[in-house]
Amino acid sequence: MINQNETPLYDALVNNKTKHPISFHVPGHKYGQVFSERGKEDYSSLLSIDATEITGLDDLHAPDGVIEKAQKLAAHYFNSDFTYFLINGTTVGNLSMILSFCVPGDEIIVQRNSHKSVLNGLELAGAKPVFLGPVFEEDTQRHSKITLHSVQRALKEHPEAKAVFLTYPDYFGRTYALGEIIAEVHAHGLPVCIDEAHGVHFQLGEPFPSPALKEGADLVVQSAHKMAPAMTMSSFLHVQGERIDQMRLEHYLQVLQSSSPSYPLMASLDLARSFLAQWNHLNKQQALTSIQEVRQVFASYEEHWSVLPLSPYDDPLKMTLQTKRNSGYEVMRVLEKMDIHPELATSDQILLIFGLAPSVEIHELNQRLNKVDSQLKKSNNRATINVDQLSFPEIQILEMAYSEMQRTPAERVNWSEADDYVAAEAVIPYPPGIPLLMKGERITDDHRNRVFSLIKQGARFQNVAIEKGIRVFKGE
């Protein structure tokens, strides 16, 4: 009889601590006895369970004890055939999924607005990506939706593709009709991989969208730390069905993950799964009531923003503000000055993320938003925000193969000289970490204008001195 209240890995670590072990093994902090005095008080409780693969604590890369039991409990809860604990984040799940399907030259159909880790996985595999352009949705003012039509077209035009890789939901919690797309892909005999980084809590049922596993996905990776109470860098990777070469997948997990996995991270996955399994109707009502109160407070400042309404395709743990007189970056800076910290901003939107239990004191929030209101009224309001929306082709392939990119010299040029060259680096606003311009994509005026528009508004990029130029392939 499976008991989801159990936390076997965490319990083993606590039991080990109570024995007051004498450590002649790594890590060097010796359960917190050897540590900087400056941080010892803050770290001490965590260090007491920061162990290694000693007898009784199992081994992530060959589990047959408490880690195996913890993973089986997770698989049972999420209704997967097998679940892996990841300690290098969803990034390592995305890389491993792609490498498990693709060898150099293989085609794979991929959603264009994927996280940078997906693009990195494609490059590592030497794959030939066929990108699906997301559709612009009027009610969200974003490119996010993938359509059945675009998937059908890609499958028809690229019958040699090895898999389809999609993101569900997007960073803002928006989903789409995933089930019908998976059914179509399966009808062609192909597996579907899902980056469900922001959807670990969909397993809780309504009012959350349907989880990707329930919709029939073959491989699903989830960032437990994003939307559930787990430590940063801890994720789940779920396997379902017969379309997966599990031995190949496990090989790449061992290649890419640390050979010294963090026990506190793994234990937090054990605890997060148990937390989700015990989350009940009362917890749901408390969380949703708190969220509604916060939404109403933000909605009362309608001079500065509107709160986008929720649809059945939206995650209620996400709230999007549509700014009116200032850019999203400007409003976010003022919010942060009052110690209100959103997840991210775009040209005209701000994303705020709630937890699965009330965590905001309404009176304090109102007091701080009153100060935000005062600051924004003093600022130089802009009557209109012109957001340059890039349009994405429905189906797109890169201008150069990754193998060719590796052989082609690259050099940095000014943006004024970059038009029509192929980019030798991705241009990535962060967050959300979705490339505005992909490595191997041909540079256009639209790309340049969008980059400088975002720089002017205060966006951050994961590129050094991006305003001064971009690396391009000149020998192509």
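The values are calculated or read from the model by the stated rules, or taken from the named source; none is laboratory data. It should be emphasised that the depicted structure is a prediction, and the values quoted were computed from it without experimental measurement. With ideal geometry, Cβ positions are generated from the backbone for all residues, glycine too; neighbour counts draw on all protein chains shown.
Can you tell me which residues in region 434-466 are in a helix (DSSP H, G or I), at pLDDT below 90 and either in the same structural domain as VAL118 (by TED's automatic domain parsing) or loosely packed, with under 15 Cβ neighbours inside 10 Å (or both)?
Matches in region 434-466: ILE455, LYS456.
With respect to the numbered conditions (1) in a strand (DSSP E or B); (2) more than 17 Å from the chain's Cα centre (by Cα); (3) modelled with pLDDT under 95, which one is the sole condition not fulfilled by SER144?
(2)
Checking the structure you have, find out if any residue of region 282-294 is assigned to a loop (DSSP other than H, G, I, E, B), more than 27 Å from ILE67 (Cα to Cα) and either in contact (Cβ under 8 Å) with a residue 24 or more places away in the chain or hydroxyl-bearing (Ser, Thr, Tyr) (or both).
no
If a residue has to be over 17 Å from GLN222 (Cβ atoms), outside any loop (DSSP other than H, G, I, E, B) and not small (Gly, Ala, Ser) to count, how many in region 40-71 make the cut?
Of the residues in that region, 10 qualify.
Could you say whether any residue in region 297-314 is touching a residue at least 40 places away in the same chain (Cβ under 8 Å), over 30 Å from CYS102 (Cβ atoms), touching a Ser or Thr at 6+ places or on another chain (Cβ under 8 Å) and among the charged types (D, E, K, R)?
Yes.
Is there a residue being over 19 Å from ARG243 (Cα atoms), part of a loop (DSSP other than H, G, I, E, B) and not basic (Lys, Arg) anywhere in region 78-86?
Scanning region 78-86, I find no residue that is over 19 Å from ARG243 (Cα atoms), part of a loop (DSSP other than H, G, I, E, B) and not basic (Lys, Arg), so the answer is no.
Can you tell me which residues in region 53-74 are under 26 Å from the mean Cα position of the chain (by Cα), under 17 Å from ILE87 (Cβ atoms) and of a type in the set (A, V, I, L, M, F, W, C)?
Initial filter on region 53-74 (under 26 Å from the mean Cα position of the chain (by Cα)): 60-61, 67-68, 70-74.
Applying the additional criterion that residues be under 17 Å from ILE87 (Cβ atoms) yields 60-61, 67-68, 70-71, 74.
Matches in region 53-74: LEU60, ILE67, ALA70, ALA74.
Let's see how each residue does on (1) surrounded by 23 or more Cβ atoms within 10 Å (Cβ to Cβ); (2) in contact with a Pro (Cβ under 7 Å, 6 or more places away or on another chain); (3) in the same structural domain as THR91 (by TED's automatic domain parsing); (4) farther than 23 Å from ALA127 by Cβ:
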residue	(1), (2), (3), (4)
LYS145	no, yes, yes, yes
ARG153	no, no, yes, no
PHE165	yes, no, yes, no
PHE172	no, no, yes, yes
ALA177	no, no, yes, yes
ILE181	yes, no, yes, no
GLU184	no, no, yes, no
LEU190	no, no, yes, no
CYS193	yes, no, yes, no
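Can you find even one residue in region 260-269 that is crowded, with 24+ Cβ neighbours inside 10 Å and either farther than 30 Å from PRO358 by Cα or free of Cβ contacts under 8 Å to residues at least 24 places away in the same chain (or both)?
Looking through region 260-269, none of the residues is crowded, with 24+ Cβ neighbours inside 10 Å and either farther than 30 Å from PRO358 by Cα or free of Cβ contacts under 8 Å to residues at least 24 places away in the same chain (or both).
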